[in-house]
Amino acid sequence: MAKTNAFVDNINKLSPATTVETAVAGASSPRLMTVQFQGGQTGLLDMALPRSRVWAEVLESLRQSNGPAYVEIDPTTQFITTLLQPLTVGVGALTSLAGGDIIEVELVVSQARHSLRRTHPEFQRLLKLLQTAHKKGAAVVVTETDDHEIIDVRPLPNPPVAITEAPPAVSPLALTPVTPQSAQQLFDLVNARLCCPASARAPCIPFLYPDDGCWGRAHEMCRLIIAQGVQPEKVWIYGNLRVVTPNNPGCEVRWGWHVAPTLLVNTSAGAQLYVTDPSMFPGPVPRATWAAAQNDPSAAVESSSAVVFYRGRGGADVRYDDAAYTQTQQVLERYRNQLKLRSVGSAGPPPYLNCLSRPAGVQWFGTIAPNATAQWYTWGWPAALACRLDAHAADPLSGRSAVVLDGAGGAGQRQPVYLLDHSQEFNFGSGPVRRPLRYPQPLSRH
């Protein structure tokens, strides 16, 4: 039986937060935001909770795009207790696993592996909806947990008219050969668009949400590279893919396929294809290295022009985006929202300490709490390291202390290793804040 306090609906309006009077003298008055849904239901957000600010951003994003939200509401208080972002997708193959206890569901378009478990109280009804959508080629609205377990399936009441972009009129351009230094510079260019987890806003790219959305990230990276006068291509891989990552609470992601831009790099061994994929690596890597890291020796690796937005295995179901990159921006916005929702969930923002190993000799390993100050005694450290941890850290000319990491800063620019700085989370009232570290490196081995 479906949860009586759960529904999927589009958002009509978010009312500004208002203060509610309390009956207790001296008690703090809560500030509540009212969310009105198109079906007539309403829910409340307690803006004193850090997550509510992020939820409000996601709900507003969905309102602007006319996308549905899955919410659960406490029937007594009317507070929204759960917020998830459904997928509006087609249904591909349905594969029985674990003796039928798990149905693996291919959703189109999505690279992630999704599952429906027999333990779900409405397993049979949800499975029938998925089977019917697969048979008829119809779209459905699918809601899943953060680990991609399907919990709700609904028919799409008013399917949008499908708009198929025609292939570009011009012939695909040849790859532009570049030096290894230029390849790294182009990698740095796209990686600089990295999203801050709980405040991910356009035009950032959600590399820290590796679970899904690669086709949007790849198309945006190609756009940025082409704007620099370099012509990339794309590499696609299809199979039972599994990638180890510190940016998923489970320390790995599983994909049915994946895509990233490629560059033709002139090396000492001749011209080679290198892949630009900040969701997996800290720099460009050979195509063979990229494929091997996805842990399926039998995977199919295929190439395409950079103009291809999406394609199935063997070149089936090729799709293109328009000149304004409309679909690309929609995909990026969806997974920016997913990154934000994950970051204010129980696991917190990436990267995840349980997925990282502390190398021998590293002096400190952990996180700095929001708005907190941390100190290390830097006796014996190289002066350059002690003075360059942070934009607010020690500078002999400014007289700032070498051991205080506090204030606005820019730790991400200095790349101190294993300083996982999340001080920007939930601090919406301040000015500039520290950036998250994408690729931590050891602070000191003394």
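The values are calculated or read from the model by the stated rules, or taken from the named source; none is laboratory data. Predicted, not measured: the structure shown is a model, and the values here were computed from it. Here the Cβ positions follow ideal geometry from the backbone for every residue, glycine too, while neighbour counts run over all protein chains shown.
Residue by residue, here is whether (1) closer than 13 Å to Gln85 by Cα; (2) at pLDDT 95 or above holds:
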residue: Gln131; (1), (2): no, yes
residue: Val140; (1), (2): no, yes
residue: Thr145; (1), (2): yes, yes
residue: Asn158; (1), (2): no, no
residue: Glu165; (1), (2): no, no
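Filtering the stretch 196-211 to residues that are farther than 20 Å from Gly250 by Cβ and of a type outside the set (D, E, K, R) leaves Cys196, Ser199, Ala200, Ala202, Pro203, Cys204, Ile205. Scanning the stretch 77-117 for residues that are over 22 Å from Asn5 (Cα atoms) and among the basic types (Lys, Arg) gives a single hit, Arg113. Here Tyr310, Tyr335, Tyr274 are screened, and the one residue that is among the hydroxyl-bearing types (Ser, Thr, Tyr) and more than 25 Å from Arg113 (Cα to Cα) is Tyr274. Looking only at the stretch 249-288, residues that are out of contact with any Pro (no Cβ under 7 Å at 6 or more places or on another chain) and either under 26 Å from Tyr335 (Cα atoms) or crowded, with 24+ Cβ neighbours inside 10 Å (or both) come to 20 in all. When Arg51 is tested against the conditions (1) among the basic types (Lys, Arg); (2) within 18 Å of the chain's Cα centre (by Cα); (3) not assigned by TED's automatic domain parsing to the domain that holds Ala17, the lone failure is (3).
Residue-wise test of (1) under 23 Å from the mean Cα position of the chain (by Cα); (2) hydrophobic (A, V, I, L, M, F, W, C).
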residue	(1), (2)
Ala133	no, yes
Asp152	yes, no
Val190	yes, yes
Ser199	yes, no
Trp215	yes, yes
Arg223	yes, no
Val235	yes, yes
Arg242	yes, no
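The single condition from (1) surrounded by fewer than 20 Cβ atoms within 10 Å (Cβ to Cβ); (2) in a helix (DSSP H, G or I) that Thr82 fails is (2). Checked against (1) touching a strand residue (DSSP E or B) at 6+ places or on another chain (Cβ under 6 Å); (2) closer than 25 Å to Asp321 by Cβ, Val308 passes all but a single condition, namely (1).
Rundown of residues vs (1) closer than 30 Å to His219 by Cβ; (2) modelled with pLDDT under 90; (3) surrounded by fewer than 18 Cβ atoms within 10 Å (Cβ to Cβ); (4) small (Gly, Ala, Ser), yes/no style:
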residue	(1), (2), (3), (4)
Gln329	yes, no, yes, no
Gly348	yes, no, yes, yes
Leu353	no, yes, yes, no
Ala369	no, yes, yes, yes
Thr378	no, yes, no, no
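Within the stretch 275-294, no residue that is in the same structural domain as Gly239 (by TED's automatic domain parsing) and charged (D, E, K, R) sits with its Cβ atom under 8 Å from a residue that is modelled with pLDDT under 95 and part of a helix (DSSP H, G or I) at 6+ positions apart or across chains. Scanning the stretch 285-315 for residues that are of a type outside the set (Gly, Ala, Ser), over 15 Å from Val244 (Cα atoms) and not in a strand (DSSP E or B) turns up Arg287, Pro297, Val307, Arg311, Arg313.
For the stretch 141-155, the condition of being out of contact with any strand residue (DSSP E or B) (no Cβ under 8 Å at 6 or more places or on another chain) and either among the aromatic types (Phe, Trp, Tyr) or without any contact (Cβ under 8 Å) to a residue 40 or more places away in the chain (or both) holds for none of the residues. Across the stretch 244-285, the qualifying residues are those that are of a type in the set (Gly, Ala, Ser) and under 23 Å from Gln338 (Cβ atoms), and the one among them that is nearest to the chain's Cα centre (by Cα) is Ser279.
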